[in-house]
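The values are calculated or read from the model by the stated rules, or taken from the named source; none is laboratory data. Keep in mind that what you see is a predicted model, and the values were worked out from it rather than measured. In this analysis, Cβ positions are derived from the backbone assuming ideal geometry, glycine residues included, and neighbour counts consider all displayed protein chains.
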C-alpha cells in the first residue's frame, strides 16, 4: 500500500509538471470563413473563404484565466456577384488579437472559452486601394485602414496542441470613435469571420 501511495504521488507530480496550462510560445494557423451581409445596387456579395497564420504567447493560468496575445497574417475572401459573373475577392490583414481565456485545467486537457478584442490593419483591400500607393503612404495617409473588432469562441488545449473556433465581428475604424459606435449599432450589416485554428505550443 505504501509503494502504491508513493507511485501515485510521483505520477501526480509528473502530471502537474506537464500541465496543459503552462505558459509558452504558440505557432498557429487555420481557415477563415467570411460571412457577408452587404448588397449593392446592381450586385451582391456572398460568403467566402481564406486562411491565417501567425504566432502568440500564452500566459500562465491564474484562477482559470490566461491571456494569449497574437500577431497574425489573415486573408479573408468574399464572392462578388455582378449579374451572371461571380468573382472571388481577397483582403489581407495584419491582426493583433488578445484572447482572454477562461477554462478548467483537467491536467490531461483544458477546455476554455474566450473573448477576443483585436486591432487589424488592412494591408490589401480589393475594393479600396490604389496600386501606385506604397505601404508607407497607406500607413500615413489612410488611417481608416486601422480597424477594431471583437470575437467570441472556445478551444481545447491537449498536450502541446491548441484547437480553437472563434467568430469575429468588425465594428469599424480606430481612427473615428463616432464611426465605430455607428457601425457597432449596425453590426448585423457588417462582415463577420469564423476562424478555426490549430496551434502548437512550445
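Brief remarks on what is shown
- Selection status of residue 132, assigned to a loop (DSSP other than H, G, I, E, B), at pLDDT below 80 and more than 16 Å from the chain's Cα centre (by Cα): yes
- If you go through the stretch 115-129 and keep only what is modelled with pLDDT of 90 or more and more than 15 Å from residue 170 (Cβ to Cβ), you end up with just 115.
- Criterion violated by residue 142 - all others in (1) modelled with pLDDT under 90; (2) closer than 28 Å to residue 104 by Cβ satisfied: (2)
- Looking across the stretch 62-83, just one residue is free of Cβ contacts under 8 Å to residues at least 12 places away in the same chain and either buried (at least 21 other Cβ atoms within 10 Å of the Cβ) or on the phi < 0 side of the Ramachandran plot (or both), and that is 62.
- Within the stretch 105-118, residues that are on the phi > 0 side of the Ramachandran plot and without any contact (Cβ under 8 Å) to a residue 40 or more places away in the chain reach no partner that is part of a loop (DSSP other than H, G, I, E, B) and surrounded by 13 or more Cβ atoms within 10 Å (Cβ to Cβ) with beta carbons closer than 9 Å at six or more positions or on different chains.
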